[in-house]
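In what follows, a structure is listed as C-alpha cells, so that the remarks can point back to it.
The values are calculated or read from the model by the stated rules, or taken from the named source; none is laboratory data. This is a predicted model, so every value here is computed, not measured. Methodologically, a virtual Cβ is constructed for each residue, glycine included, from the backbone with ideal geometry; neighbour enumeration extends over all protein chains shown. These area figures cover heavy atoms from the full protein model, side chains too; ligands, DNA and RNA do not enter into them. Shrake-Rupley method; radii C 1.70, N 1.55, O 1.52, S 1.80 Å.
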Amino acid sequence: MALREEILSVIEKNSRIGIDELSAALGASEIDVANEVKAMEDAGIICGYHTMIDWSKTSIEKVMALIEVKVTPTRGMGFDSISERIYKFPQVSSLYLMSGSFDLMVIVEGKTLLEVAEFVNTKLAVLDTVQSTATHFILKKYKDHGTILTAKYEDTREKVSP
C-alpha cells in the first residue's frame, strides 16, 4: 500500500493522531508524512477534521433527521444547482445524491422536532424544483462513522432450565 493510502486509512479512524505517532506507525519519516498530509490537504483529498460527539450524553438538545427529497433536475445542471441551494442552509449537515426512489438524502440538525419540521415546511419543501419530501427523525444512534455509541446489551434475567 502506498504511503498516501496508509495515511488516509489511519487518519480516517483517528484524526487526532500526531505526525510523529503516524510516521512511527507507518515506518516512514516525519517529513515524508507531514509533506504527504499537507499535499492531500492542498489537493482537497483531506477535506477537514471532525470530532464525533454523542449528543445524547450531554445536556444539549439536538435532533437529527434524514430527509428523502425528490426533485426535478435543471437542464444543463442536473442535480448540482438544487443541491447547492440546499447545502447552503445552515441546518443541513450532509447532502447526498442517491439512487433509488428519491434523488437526494438531506441530513438536518435542529434543537427540536418542531424546528426541523419548520425548516422542511418553510425552506426545503417550497424550493421550486422539489417535488416531495419524506422526513425520518433519528431516535437513537447505535453506530456512527464506524464507532459504536451504545454499550452492548447484557441480559440480566435469571436463567431458567427446563
| field | Selected from 127, 149, 26 as most flexible by GNM, with the chain as the system and alpha-carbon contacts under 10 Å | value | 26
| field | the range 1-58: relative contact order in percent, alpha carbon pairs under 8 Å with at least 6 residues between | value | 30
| note | Expressed in square angstrom to the nearest 10, the accessible area of residue 118 with a 1.4 Å probe stands at 100
| remark: Length-normalised contact order of the chain, Cα under 8 Å, at least 6 apart, in percent, tallies to 21
| For the chain, size of Cβ-based charge dipole, Lys and Arg +1, Asp and Glu -1, in debye | 700
| request: Treat each spin label as a single point 7 Å out from the Cα along the C-beta direction, and report the residue 134 to residue 47 distance in nm. | output: 2.5
| note | In whole angstrom, the spacing between the Cα centers of the range 108-132 and the range 54-75 equals 10
| note | With the 8 Å Cα cutoff and a minimum separation of six or more residues, the range 83-162 has a relative contact order in percent of 14
| Just how many pairs of Lys in the chain have C-alpha atoms closer than 20 Å, counting pairs that are eight or more places apart or on different chains? | 24
| task | With springs only between Cα atoms under 10 Å apart, run a GNM on the chain and tell me which of 125, 117, 39 wobbles the most. | result | 39
| Option label - Rg/Rh (Cα atoms, Kirkwood Rh) computed here, alternatives (1) 1.09; (2) 1.00; (3) 0.96 | (1)
| Toward the positive end of the charge dipole of the chain, about the Cα centre and with charges on Cβ (Lys, Arg +1; Asp, Glu -1), which of 10, 147, 34 goes farthest? | 147
| query | Taking R0 as 22 Å, what's the FRET efficiency between residue 74 and residue 122 from their Cβ-Cβ distance, rounded to 0.05? | reply | 0.50
| task | Assuming a ≥ b ≥ c are the square roots of the Cα gyration tensor eigenvalues, decide whether the range 55-141 counts as rounded (a/c under 1.5), prolate (otherwise, with a/b larger than b/c) or oblate. | result | prolate
